[in-house]
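Rule-based calculations on the coordinates, nothing more; no lab input. This structure is a prediction, so every number in the text was calculated from the model and none was measured. Don't worry about glycine lacking a Cβ; one is built from the backbone with ideal geometry, like all the others, and counts go over all protein chains shown.
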Amino acid sequence: MGAARAGAGRAGAGAGRVAGEVGGAERATALGAERATDEALKALAEPRRRAILRLVASGELAAGEIAAAFDVTRTAVSQHLTVLRNAGLLTERREGTRRLYRARPEGLTGLRRFLDDMWASSLDAARRLVEAEEGITDDEEHASRAG
């Protein structure tokens, strides 16, 4: 009987670890998404990088074509391209000796989600302020929608 209980205890501990691992995986995914959003925000904080992203938003351009659009060295443009690529906002493709860049819209997904959440929270706060000024309660709001 003691052995059966010990075995059950081990099974329970194993099950707890699996549940913990799943939670850990979800946390790791959330942290990864947050890091990606942080990297996108950092990359887009520099005006020239935003301009580069706009240039390659509608199609693929060679590094030289991108550099020609700015009054800075090719090395500076190359560094900006590297930051944007590392942030997941650009793809790079080689064609012979040329490097071609294209925007990666999915690189903005986390940032878009962050901004949508912020906007929704702000709208909700504004709604609550207006309702408080007008003396509208949640019960009255539900009743007016139902009627």
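Model label sites at R102 and A132, defined 7 Å from Cα along the beta-carbon direction, differ in position by 5.0 nm.
You can think of it this way: the chain between E60 and A76 has 3.8 nm of extra reach, that is 0.36 nm per residue less the Cα-Cα gap. Other residues lying with their Cβ under 15 Å from the Cβ of V72 contribute a combined charge of +1, Lys and Arg counting +1, Asp and Glu -1.
Placing R0 at 35 angstrom, the Cβ-Cβ distance between D124 and E92 gives a FRET efficiency of 0.30 after rounding to 0.05.
Checking the a/c ratio against 1.5 first, then a/b against b/c, what shape does the Cα gyration tensor give for region 46-103? Display every interim value, and only then the final one.
Numbers: a/c = 1.38, a/b = 1.12, b/c = 1.23.
Rounded shape, in that the Cα axes give a/c under 1.5.
What net charge do the residues around T37 carry, taking every other residue with its C-beta under 11 Å from that of T37, with Lys and Arg at +1 and Asp and Glu at -1? Surrounding charge for T37 is 0. Give the calculated FRET efficiency between F114 and R48 to the nearest 0.05, with a Förster radius of 25 Å applied to their Cβ-Cβ distance. Approximately 0.65, to the nearest 0.05.
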